[in-house]
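To start, the structure itself, in structure tokens.
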Amino acid sequence: MKSNITTKTNNFGFSLIETLVAITLLVTVVSGVLGIANRSLRLTGIAREQLIAFYLAQEPIEYIRFVRDSNRLQTPPKPWLEDLDECISDDWSVTCTIDGLITDYPPDNDSIKTCSGKCVPIRFSPSKGLYSYETGGDWAASKYTRTTSIKHPADVLTDEIAIRVTVSWNVGTSIRTVEARENILNW
């Protein structure tokens, strides 16, 4: 009688090399996903800052239109650039701050101010969620600085002005800038 006895070995589990390879793959995949998530969050923050800067740049243009329209609707009509004179130059050399939050007409002394040197940063109120040049309360300086210049283009009629608004802010060691330009007419 022939006996065929074999020993069965039970290999349950992984060898040390298989375990190390599995851990390496897992760490690589997880770190890649976390890297992508980190970059996405950083880019979202940059996009948010650019969007805020874009809207801050549009605000003075709308305010200048408001002043132009309000001057025209007066009885009798006032000169179309009245109350904006201190911001107008022939070469972009005059910069000013325009506070679009103050919508009084005629503009008071607080809404339009000429900058001597560098313009002051616009302020932010967390409780109101608004940007303005107001002081007091919880208004604190923000990271954004906005400058507005108005120019009579030399090659066009005097019934047109060019507006340039620049919003800048610091990101680490670099300075980011958004610029809006618009020409408006005396209608």
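The values are calculated or read from the model by the stated rules, or taken from the named source; none is laboratory data. Keep in mind that this is a model prediction, so the values were computed, not measured. Cβ coordinates were reconstructed from backbone atoms using ideal geometry, including for glycine residues, and neighbour counts include every protein chain displayed.
Go through segment 47-68 residue by residue and tally those that are surrounded by 17 or more Cβ atoms within 10 Å (Cβ to Cβ) and free of Cβ contacts under 8 Å to residues at least 40 places away in the same chain.
Residues that pass the stated criteria total 0.
Taking into account only those residues within segment 42-71 that are farther than 19 Å from GLY100 by Cβ and either outside any helix (DSSP H, G or I) or among the basic types (Lys, Arg) (or both), which is modelled with the lowest pLDDT?
Going through the qualifying residues, I end up with ARG42.
Could you tell me which residue of segment 122-148 is modelled with the lowest pLDDT, considering only residues that are on the phi < 0 side of the Ramachandran plot and surrounded by fewer than 12 Cβ atoms within 10 Å (Cβ to Cβ)?
THR135
I need the full set of residues from segment 69-88 which are surrounded by 14 or more Cβ atoms within 10 Å (Cβ to Cβ) and under 17 Å from PRO153 (Cα atoms), in order please.
If the condition is that a residue be surrounded by 14 or more Cβ atoms within 10 Å (Cβ to Cβ) and under 17 Å from PRO153 (Cα atoms), then TRP80, LEU81, LEU84, CYS87, ILE88 are the ones that fit.
What are the pairs, 6+ residues apart or on separate chains, where a residue within segment 86-98 that is under 18 Å from TYR63 (Cα atoms) has its Cβ under 7 Å from a residue that is among the aromatic types (Phe, Trp, Tyr) and at pLDDT 85 or above?
Close Cβ pairs satisfying both conditions: THR97/TYR133; ILE98/TYR63.
Criterion first (modelled with pLDDT of 90 or more and under 32 Å from the mean Cα position of the chain (by Cα)) does THR95 satisfy it?
Answer is yes for this residue.
Kindly indicate whether any position in segment 88-97 is out of contact with any Asp or Glu (no Cβ under 7 Å at 6 or more places or on another chain), charged (D, E, K, R) and not in a loop (DSSP other than H, G, I, E, B).
no
Name every residue in segment 1-39 that is at pLDDT 85 or above and either among the β-branched types (Val, Ile, Thr) or in a loop (DSSP other than H, G, I, E, B) (or both), in order of residue number.
Hits for segment 1-39 are ILE17, THR19, VAL21, ILE23, THR24, VAL27, THR28, VAL29, VAL30, VAL33, ILE36.
Is it the case that LYS151 is at pLDDT 85 or above and within 25 Å of SER70 (Cα to Cα)?
yes
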